[in-house]
Amino acid sequence: DKGISSGVIEGDIEGTIDAERIQKEGFPVVQLNTEGACHIEAKSIENILPYFDLDKLNMIFVENIGNLVCPAEFDIGEVVKVALLSIPEGDDKVVKYPLMFSKADALILTKYDMIKYFKFNEDEVKKQTFLRNPNSKIFKINSLKKGEAKEFAKWLVKKI
């Protein structure tokens with residue numbers, strides 16, 4: 001509703017499950033399977049861009065491989081880097097994988113609806129995140145409620 005059109009590069013080691021879900025939502029999407037590599041490299045992004053009609057897109061989301069180590073080490077040309085931390089993964093990840101959180105412009109705490117089922121110290125996560133990147137923004141998303149990403153979307157639109 002903001003006049004922003006987006007495409008998605010979906011990075012996974014194998015499979016097309018997420019890309020198929022995204023495509024059903026009406027977004028142009030290209031699946032990038034790394035066939036065992038733990039990250040995406042800039043050359044891969046460059047090779048995929050011709051699959052999109054770039055004149056019709058304002059933004060391309062790249063979901064890098066789902067770990068907190070390798071994607072932090074490689075610049076793929078992104079303008080904004082967002083880290084996702086799932087509540088069930090645990091509150092120790094910022095300390096264990098500091099590079100990702102030091103480089104991320106934002107941290108999204110996903111599956112926030114599950115916080116009551118886990119020993120997750122949100123205050124410590126915030127403290128450790130801000131020690132590594134005082135300018136980081138933190139968002140909470142309850143995966144069971146519609147519209148939970150609105151605050152993040154507003155922030156992202158401002159960044160654009």
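The values are calculated or read from the model by the stated rules, or taken from the named source; none is laboratory data. Keep in mind that what you see is a predicted model, and the values were worked out from it rather than measured. With ligands, DNA and RNA removed, areas are computed over all heavy atoms of the protein, side chains included. Shrake-Rupley method; radii C 1.70, N 1.55, O 1.52, S 1.80 Å.
Of note:
- Converting phi to 3J(HN,Hα) with the Karplus coefficients 6.51, -1.76 and 1.60 and the offset θ = phi - 60°, segment 98-104 yields x, 4, 4, 6, 6, 8, 6 Hz in sequence order, with x at every glycine or proline.
- Accessible area of segment 1-119 belonging to carbon and sulfur atoms, whole % at 1.4 Å probe: 52 percent
- For Phe61, the amide hydrogen comes within under 5 Å of the amide hydrogens of Gly7, Val8, Ile9, counting only partners 5 or more places away or on other chains and with H modelled in the peptide plane.
- GNM on the chain, alpha-carbon springs under 10 angstrom: the most fluctuating residue among Glu63, Glu25, Glu73 is Glu25.
- If the convex hull is drawn through the Cα atoms of the chain, its volume per residue in Å³: 124 Å³
- Long-range HN-HN contacts of Lys137 with modeled amide H, under 5 Å: Ala106, Leu107
- Segment 108-160: C-alpha gyration tensor shape, a/c 1.5 cut-off, then a/b vs b/c: oblate
- Cα gyration tensor category, rounded, prolate or oblate, for segment 72-160 with a/c compared to 1.5: oblate
- Heavy-atom accessible area per residue - the chain, 1.4 Å, Å²: 63 Å²
- Values of log10 I(q)/I(0), in the order q = 0.33 Å⁻¹, for segment 23-62 under a Debye, Cα-only, solvent-free model: -1.31
- Put simply, the amide H of Leu32, placed in the peptide plane, has neighbours under 5 Å in Glu10, Gly11, Asp12, leaving out anything fewer than 5 places away on its chain.
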